[in-house]
Protein chains: 2
Amino acid sequence: MALIVHKYGGTSMGSTERIRNVAKRVAKWARAGHQMVVVPSAMSGETNRLLGLAKDVSPAVQTPSVTRELDMIACTGEQVSVGLLSLALQAEGMEAVSYSGWQVPIRTDSSYTKARIQSIDDARVRADLAAGRVVVITGFQGVDEDMNITTLGRGGSDTSAVAVAAAMKADECLIYTDVDGVYTTDPRVVPEAKRLNTVSFEEMLEMASLGSKVLQIRSVEFAGKYRVPLRVLSSFTPWDIAIEEEAKSGTLITFEEDEKMEQAVVSGIAFNRDEAKLTVMGVPDRPGIAYGILGKVAEANIDVDVILQNVSHDGKTDFSFTVHRNDYQRTLDLLKSQVVPEMGAEAVIGDTKICKVSIVGIGMRSHAGVASTMFRALSDEGINIQMITTSEIKTSVVIDEKYMELAVRALHKAFGLDAA
Amino acid sequence: MALIVHKYGGTSMGSTERIRNVAKRVAKWARAGHQMVVVPSAMSGETNRLLGLAKDVSPAVQTPSVTRELDMIACTGEQVSVGLLSLALQAEGMEAVSYSGWQVPIRTDSSYTKARIQSIDDARVRADLAAGRVVVITGFQGVDEDMNITTLGRGGSDTSAVAVAAAMKADECLIYTDVDGVYTTDPRVVPEAKRLNTVSFEEMLEMASLGSKVLQIRSVEFAGKYRVPLRVLSSFTPWDIAIEEEAKSGTLITFEEDEKMEQAVVSGIAFNRDEAKLTVMGVPDRPGIAYGILGKVAEANIDVDVILQNVSHDGKTDFSFTVHRNDYQRTLDLLKSQVVPEMGAEAVIGDTKICKVSIVGIGMRSHAGVASTMFRALSDEGINIQMITTSEIKTSVVIDEKYMELAVRALHKAFGLDAA
C-alpha cells in the first residue's frame, strides 16, 4: 500500500463524462490498496470564464484589493471540480470527501493571484485516509493568515499537488496531462521529438522555466526541494488500463544523477515566446547601473529574465533585459517615466517580437563545446543571436521570434535528439 | 449615518451590466454617508447550472456525504457574485471587500443543503466598515463547527441578509427584488391589488408562509425575532433615483402595532396550490386518533398544515389533513401501509387538486365577523369550503383548485382592498 497523489488538469476535468472517467481511474488505484489524494483543476474554460466576468465589471487596474477579489472569483472553478469529482467517486462506491485549500488548510503568503505556499496541515487529510476515504483537494489556491483566499497563479494546481505530496511524504505524485510525458522538444515543432522515460529534476526545472508547458515550474521546484517522485503521464489512456502498466508510463522526474551518465549531453530543446526585450540606451557608465535600472523594476514586482549589459563606448552603455510580455507595457512606462530621467539615459526601446530557445542537459556540465555547437547550428541557418545566457545545465539564446521553429529543429538535430 | 444592509436577488445580479448597476446604487448609499453591507445572491441560473452538473455525475441518493458535496458546489455561485460586486464597487471608486460565509464567519449547524444559522461573528466586518469599506457577504451559506461549508436552502440569501442585519444591529435591511413591495394580493390574479406601504411582521410572516413569494419565510422569522426593520423594494428603479425617495419606496415590515389601528381589518389575501389533501376514512373513534395518524407522518419528516377531524357518526370518524404536494405520494403510501391497518380504518383517499386561500390582517384580532364576511363572499360565488383553519391574524380555507383565482378576487373585493 502506498500513498499516491493524482493531479488532473482542466482538460481531464472538462465535462461531467470526463469527471466520471477520472473517478473510475482513481477508484481503480484505491481498490488496488493505495491511499489516494486527488488534486483536480477547474473544468477547462472555467477559469477564463470567471476572469472574463471579472474583467467585464472592472477596469484592468491591478491593486491588491482588486487581485484579492479576482482570487475570490477564480478559486471557485476548482471548488466546483472537487465537489463534482467527490460526488463521482461516491457514485463509484468509494467514500470520498472534498476540501478547499482553506479547509485543509494550505497556508500561503498574501500575494494575491501569485501566492506562495508556506505550509500544509495534513492532519485532517490523514484522518480521512485512515478512515478509508479518497480525499479530493482543490488545486491552485490556499488561504493567508488573515483567512483571505489566495491563488497560486496559472498552472498552480501542479504546485498544489506536489506540495500536498511533499507535506504528506507521498510515495509518488502522478500528474495526468494531455501529453503522455516529457519530450526532447515540442513534437508540434519537431515531429522527430522523442519521449523521455526519465529526466533529471534539474533538467525538468530548466525545461519548465524555458517554456515546456508540461509542468508549472514552481511544482518542479517543490518536487526538487522535497524530493517528491513526480511522474507526468497521459490522462487519455483508457481508465481501465492495467495499473502496473499505467504506473510505468509517461516520464519520471528523477533525483538520481548517475542514471544519466550514459545519456545524451543535451536532453531537450526548450523555447518560448512569452518574453519581450527592453533596452535602455545611452546610460552614463558608472557603478550601479544594473541596480539603478532593475531595482525600480523589481520594486514594481516585475520579474526579469535575461540581462545584458553592453560594453561601454565613450562613457555610455546600453542595458537590455527581458520581461514577460504581460509586463512589457508597464515596464516600458516605468523606464520612460522614472529610470531614464534618473539615470540620465538617452532613450528606451522595446521589442516584443523575440523568442528564447534553450538547450538543456545535465551532461553539459562535463562536456566542453556544447555552446559552440549550438552557436554554429544557429549560424548555419543564418539566425542572429541577440542575447545569450548560460547556466550549468542550459544555454539560452534570444532570437527573432520568426526563426523560433527553425532554430528548434536545427538544434534538435545538431544534438542528435532526432535519433535518440 | 446609519448602518444599512442591502440584499440583491439573482435577477438583479443576472449580468455584469446589472452588477455594475447594483454597484452604482450601493455607492450612492455609501456616498450619502451610510455604512454599507451588501448580500447578493448568485447570478440568476447559476445555482441551477451547478446543481445540474452535480446531478450529471451522481445519482440522486441524498446521503450526508452527497449533500456535503452539493453544498461545496452550490455555494460557489454566491462567491463569484460577491467578488464581482466588490470589483464593480472598486471600479466605482469605493473601497470594497468580499467575504464568503466561512470568512465572516457565519456559523451554522451541519444540516447540509438546509442549514440553520447559529451565530455570526461581526468583528471583521465592523473593522472594515470602520475603515470606510463597503463589505460584500455571500448569501445562502455558512460554515459548521468542523469548517464544512453549508448552505441554507433555496432563497437562503434573504435569511443571510436579515441575519447579518440582526447580528450587526443594522438600522434597516433593504431587500431588493423583482417586485416593488408587498401587495394586498398577487397583482397577476387581481389587477386591483395595491402595494402596502407598511405591513406588520406577523402579517408578513403569514403572507410568506401562505405563498406570497416575496421573501423567504425564515428571513421574516429572523427579522421578527431580532426586530430587524425590513424593507422590500424594487431593484428595477433607476440606480440614480434620489436616495430619499428610494429609502421610502417599497413596503416596510414594521413591529409597531399601533400604527395599524386605523388601517384595514384585512391587509392581504394570500394563496397557494402547493398542498394536497389526504383523508383517512372510517377511523374507530377513540382517544389518540390524531397522534395515531400524525405521529407516523411526523416520524417520516413530513410537515402537516391544515388538520380537520370530523364529528363522529356510529363510532367512526374521518380525519383529513394537508401536506406539501411533493410529500403527497409518500404520505399516501405511509397511510395505506401502516396507519390504516394499525388504526383499523376503512380507507384512505387523497386529492391533489386543492388550494388554500387566506385572509391575513392584524386587525382581525379586534374585529368580529371577519370570518363570516369571508364565508359569505365565497358562498356568493358558489365556492364550497372543504377545510377551515384560523389563527389570531389569519383565516384560511381549503377549496377546489379551479376556484382559486375567483376566490382571491372575491375576497379582495369583499374586504375593501380594491379601493385601498
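The values are calculated or read from the model by the stated rules, or taken from the named source; none is laboratory data. Because the structure is predicted, anything quoted here is derived from the model rather than measured. Using ideal geometry, Cβ is built from the backbone for each residue, glycine included, and neighbour counts are taken over all protein chains shown. Calculation scope for accessible area: heavy atoms of the full protein, side chains included, ligands and nucleic acids excluded. Shrake-Rupley method; radii C 1.70, N 1.55, O 1.52, S 1.80 Å.
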Note on segment B:104-124: residues crowded, with 23+ Cβ neighbours inside 10 Å and not in a loop (DSSP other than H, G, I, E, B) are B:Ile106, B:Thr108, B:Ile117
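Okay, residues lined up against (1) hydrophobic (A, V, I, L, M, F, W, C); (2) open to solvent by less than 80 Å² (accessible area, probe 1.4 Å):
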| residue | (1), (2) |
| --- | --- |
| A:Val304 | yes, yes |
| A:Gln309 | no, no |
| A:Lys316 | no, yes |
| A:Arg325 | no, yes |
| A:Tyr328 | no, yes |
| A:Lys336 | no, no |
Only one of (1) touching a strand residue (DSSP E or B) at 6+ places or on another chain (Cβ under 9 Å); (2) within 26 Å of A:Ala127 (Cα to Cα); (3) at the interface with chain B (Cβ under 7 Å from one of its Cβ atoms); (4) open to solvent by 10 Å² or more (accessible area, probe 1.4 Å) does not apply to A:Arg20, and that is (1)
Of those in segment A:89-101 that are part of a helix (DSSP H, G or I) and either without any contact (Cβ under 8 Å) to a residue 12 or more places away in the chain or surrounded by 24 or more Cβ atoms within 10 Å (Cβ to Cβ) (or both), the residue farthest from the other protein chains (Cβ to nearest Cβ) is A:Gly101
With criteria (1) surrounded by 12 or more Cβ atoms within 10 Å (Cβ to Cβ); (2) modelled with pLDDT of 85 or more, A:Asn384 comes up short on (1)
Residues in segment B:238-269 that are open to solvent by less than 40 Å² (accessible area, probe 1.4 Å), at pLDDT below 85 and aliphatic (A, V, I, L, M) total 1
Does A:Ser86 satisfy being outside any helix (DSSP H, G or I), crowded, with 18+ Cβ neighbours inside 10 Å and at the interface with chain B (Cβ under 8 Å from one of its Cβ atoms)? no
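Okay, residues lined up against (1) open to solvent by 50 Å² or more (accessible area, probe 1.4 Å); (2) over 20 Å from A:Thr76 (Cα atoms):
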{"residue": "A:Val26", "(1), (2)": "no, yes"}
{"residue": "A:Ala32", "(1), (2)": "yes, yes"}
{"residue": "A:Val37", "(1), (2)": "no, no"}
{"residue": "A:Lys55", "(1), (2)": "yes, no"}
{"residue": "A:Ser58", "(1), (2)": "no, no"}
Taking segment A:1-29 and keeping residues in a strand (DSSP E or B) and touching a Gly at 6+ places or on another chain (Cβ under 8 Å) leaves A:Lys7
For B:Val104, the lone unmet condition from (1) at pLDDT below 95; (2) closer than 16 Å to B:Ala165 by Cβ; (3) not aromatic (Phe, Trp, Tyr) is (1)
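Taking A:Ile19, is it over 16 Å from B:Glu69 (Cβ atoms) and modelled with pLDDT of 95 or more?
no
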Considering segment B:39-53, residues that are of a type in the set (A, V, I, L, M) and within 13 Å of chain A (Cβ to nearest Cβ), and then whichever is most open to solvent (accessible area, probe 1.4 Å), we arrive at B:Leu51
**OP:** With respect to B:Ser58, determine if the residue is more than 16 Å from A:Glu46 (Cβ to Cβ), at the interface with chain A (Cβ under 7 Å from one of its Cβ atoms) and at pLDDT 95 or above.
**Re:** no
Quick check, is A:Arg154 among the basic types (Lys, Arg), under 21 Å from A:Gln216 (Cβ atoms) and assigned to a strand (DSSP E or B)?
no
> Can A:Arg126 be described as modelled with pLDDT of 95 or more, more than 10 Å from chain B (Cβ to nearest Cβ) and touching a Gly at 6+ places or on another chain (Cβ under 8 Å)?
Replying inline: no
A:Ser119 passes all but one of the listed conditions (1) over 16 Å from B:Ser65 (Cβ atoms); (2) within 12 Å of chain B (Cβ to nearest Cβ); the exception is number (2)
Item to check | Yes/no for A:Thr159 being within 15 Å of the chain's Cα centre (by Cα), open to solvent by less than 10 Å² (accessible area, probe 1.4 Å) and more than 26 Å from A:Glu245 (Cα to Cα) | outcome: no
Subset of segment B:125-134, residues crowded, with 18+ Cβ neighbours inside 10 Å and either not in a helix (DSSP H, G or I) or not assigned by TED's automatic domain parsing to the domain that holds B:Gly10 (or both), comes to B:Arg133, B:Val134
Contact list, first residue from segment B:1-27 and without any contact (Cβ under 8 Å) to a residue 40 or more places away in the chain, second anywhere and open to solvent by 20 Å² or more (accessible area, probe 1.4 Å) and among the polar types (S, T, N, Q), beta-carbon distance below 6 Å, six or more apart or interchain, is B:Gly10/B:Ser44; B:Gly14/B:Ser44
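Take segment A:144-156 and flag every residue that is more than 20 Å from the chain's Cα centre (by Cα) and surrounded by fewer than 24 Cβ atoms within 10 Å (Cβ to Cβ).
Those that are more than 20 Å from the chain's Cα centre (by Cα) and surrounded by fewer than 24 Cβ atoms within 10 Å (Cβ to Cβ): A:Asp144, A:Glu145, A:Asp146, A:Met147, A:Asn148.
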Over segment A:219-234, the set of residues buried (at least 22 other Cβ atoms within 10 Å of the Cβ) and either of a type in the set (Phe, Trp, Tyr) or modelled with pLDDT under 90 (or both) is A:Ser219, A:Val220, A:Phe222, A:Ala223
Return yes when A:Gly139 is within 25 Å of A:Arg49 (Cβ to Cβ), within 12 Å of chain B (Cβ to nearest Cβ) and either open to solvent by 10 Å² or more (accessible area, probe 1.4 Å) or within 23 Å of the chain's Cα centre (by Cα) (or both) and no when it is not. no
Of the conditions (1) surrounded by fewer than 22 Cβ atoms within 10 Å (Cβ to Cβ); (2) at pLDDT below 95; (3) farther than 17 Å from A:Asp158 by Cα, the single one that A:Gly9 does not satisfy is (3)
Going through segment B:180-210 in order, the residues found to be open to solvent by 30 Å² or more (accessible area, probe 1.4 Å), under 22 Å from B:Phe255 (Cα atoms) and part of a loop (DSSP other than H, G, I, E, B) are B:Asp180, B:Lys194, B:Asn197
